[in-house]
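Right, one structure below, let's go through it.
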Amino acid sequence: MGTAGSGPTLGGPAAGTTAASRDRWPESATVLERHAICEHAPFERFRSELNALFYPARVEPLGRAPAGTGLLRGVRTEHLTVGLMRFGQPTLVDPGRTGAYHVNVTLAGPIASASDDEETVSTAGHATVFAPHRTHRLTHCAEGAAQLGIRVDRALLDGELEALLGRPVRAPVEFALEFDLGSPAGRAWSASLELLLSELDDPDGPIGRPAVRAYHERLLATGLLLAQRHSYTEALRDGALRGGAAPATPRAVRRVLDVVQGRPQEPYTIADLARVAGVSARRLQEAFREHVGSTPMEYLRSVRLDRVHEELRAGAVGVTETAYRWGFTHPGRFARAYRQRFGVLPSETARTSAPW
């Protein structure tokens, strides 16, 4: 049985005992707080709500049931279901084969999981990834253990993989079960997840727009494909094209440049731009480095920053609104990127450009 160690993540370092697991909980108290389903719930209600949010599953207490302390929060978008659960007692959860991809991010553990004949124990800083055609079981969730569950529609993830590869995908992705969120790739994916969670809890944020929700869905799916090892990882590295392995041509690069210049505010992912180019994401990145001197996403960010800068210099004083209009959905990250590019904060540009 593999055992996952500790590392930085949404829930902080690993919790080795039940008491420590409970101590970790306050750090997760605000996650999905606008989407509460039940709190301090008796086991029967916790089980019913968990099944209603995700899948019909066998959910059973392991041992005598204490007073109800189960907690569940959750929300659905078009292609994702995201839920936060805290187990009020030792619990088994067995949905079997779900037909969807699924990621469980441990916030406080330990949580023992299994997929077919593979088993692991996860603590904070690690996740587990399940495929749609493999069994999905949480064989022992400790009292006080907490996790984020992310259900990803197969059509979404397979579609993103096809765009990244530049060819059709017929077999489902076989992910490695253990996912180390403390690795560089794991931290990058965690950042995408944290951004999605913050947007879901922002009543005034742009997540209410279908295009923005779709962007976050694709970003999370694409990030998972690039961060976690799976059966197509080598193919992604090779960057095979539709019908061959020739490098991307300047014409393919030009198509992406034209699209980005024409509508930089659209919520593109690297998979979207690969679709525009008609090549794999890997080949597109190589071609951009050769012909443009940056990656496609770096170029997109540069164009967006230039558009914001132009509007602020022209007297647009609504910095947040201007940033949103040009595709920036995280104010803090936008401000840092703007300062790196122009040497000042966007508010300074707006202030010096405002009419007296």
Helical contribution to [θ] at 222 nm, DSSP H n ≥ 4, -39,500 (n - 2.57), averaged over the chain, rounded to 500: -12500 deg cm²/dmol
Arg333-Ala52 FRET efficiency (beta carbon distance; Förster radius 35 Å; 0.05 resolution): 0.50
Farthest positive-ward along the chain dipole, Cα basis, beta-carbon charges - from Leu197, Pro90, Gln147: Leu197
Cα-Cα pairs of the chain separated by more than 25 Å (percent): 57 percent
Length-normalised contact order of the chain in % [C-alpha pairs under 8 Å, at least 6 apart]: 14 percent
Residue-span extension gain [Thr295 to Arg341] - 0.36 nm each, minus C-alpha spacing: 15.0 nm
Value of Rg to Rh for the range 46-192 (Rh from inverse mean 1/r over Cα pairs, i.e. Kirkwood): 0.97
Hypothetical label at His133: residues of the range 38-62 whose amide nitrogen lies under 15 Å (7 Å Cα-Cβ projection): none
Residue-wise HN-Hα coupling along the range 114-122, computed from phi with Karplus coefficients 6.51, -1.76, 1.60 (Hz; x: Gly, Pro): 8, 9, 6, 9, 9, 10, 7, 10, 10
Cβ-Cβ FRET estimate between Arg251 and Arg167, R0 fixed at 25 Å, reported to 0.05: 0.85
About the Cα centre, charge dipole magnitude for the chain (Lys/Arg +1, Asp/Glu -1 at Cβ), debye: 840 debye
Placed amide H near Arg137: partners under 5 Å, 5+ positions off or other chain: Ala114
Protection proxy ranking of 191-204, 152-165 - average other beta-carbon atoms within 10 Å, highest first: 152-165, 191-204
Taking Trp189, Trp326 and counting other C-beta atoms within 10 Å, the order from fewest to most: Trp326, Trp189
Estimated inter-spin distance, Asp204 and Glu118, nm [label 7 Å along Cα→Cβ]: 4.5 nm
Dipole of the chain, positive direction: furthest Cα of Gly159, Thr30, Met297, with charges on the beta-carbon: Met297
Rg followed by Dmax, in Å, when the range 246-356 is reduced to its Cα trace: 15.4, 57
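Rule-based calculations on the coordinates, nothing more; no lab input. Remember, predicted model here, so these are calculated numbers, not experimental data. Reconstructed Cβ throughout: ideal geometry from the backbone, glycine too, with neighbour counts over all protein chains shown.
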